[in-house]
Amino acid sequence: MYVETELSVCVDCMQLIANDETPPDWTGEQTDKWLEQIANYFGPDQSGVSLGDSAKDDEFSIYACDFCGSTLAGERFHCIELKTEKIDL
Ligand SMILES: [Zn+2]
């Protein structure tokens, strides 16, 4: 069974989710650290994240990105996280 969680992500994470692109102006070290933060957040049970409802995007938010934890204020994009839930039968 899948469980859907709504996420609000920053523009960098949106590019990663939508196009599998990392910010081009970052060093390899910055990019690796960022990807590691995302991997730590999800852990091994992560099934996938996709873009959600663009009507729920925020033009400006001061809240941290739910994906990488960035506290830079700015646009946030609505995404859906699908997680596999273990069920005891
Ligand atoms: Zn982010």
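Within the stretch 30-44, residues that are in contact (Cβ under 8 Å) with a residue 24 or more places away in the chain reach no partner that is in a helix (DSSP H, G or I) and within 13 Å of the ligand (Cβ to nearest atom) with beta carbons closer than 7 Å at six or more positions or on different chains. The set of residues in the stretch 31-64 being under 20 Å from Asp20 (Cβ atoms) and touching a Ser or Thr at 6+ places or on another chain (Cβ under 7 Å) consists of Thr31, Ser47. For the stretch 1-25, give me each residue that is buried (at least 16 other Cβ atoms within 10 Å of the Cβ) and among the charged types (D, E, K, R). The answer is Asp12, and nothing else.
Looking across the stretch 62-74, the residues that are loosely packed, with under 15 Cβ neighbours inside 10 Å, touching a residue at least 40 places away in the same chain (Cβ under 8 Å) and not aromatic (Phe, Trp, Tyr) come down to Leu72, Gly74.
Going by the conditions given, is Val9 of a type in the set (A, V, I, L, M) and either in contact with a Lys or Arg (Cβ under 7 Å, 6 or more places away or on another chain) or on the phi > 0 side of the Ramachandran plot (or both)? For Val9, the condition - of a type in the set (A, V, I, L, M) and either in contact with a Lys or Arg (Cβ under 7 Å, 6 or more places away or on another chain) or on the phi > 0 side of the Ramachandran plot (or both) - is met.
Here, each number is a calculation from the coordinates, and none is a lab measurement. Model, not experiment: these values are computed from the prediction. Ideal geometry is used to build each Cβ from the backbone, glycine not excepted, and the neighbour counts take in all protein chains shown.
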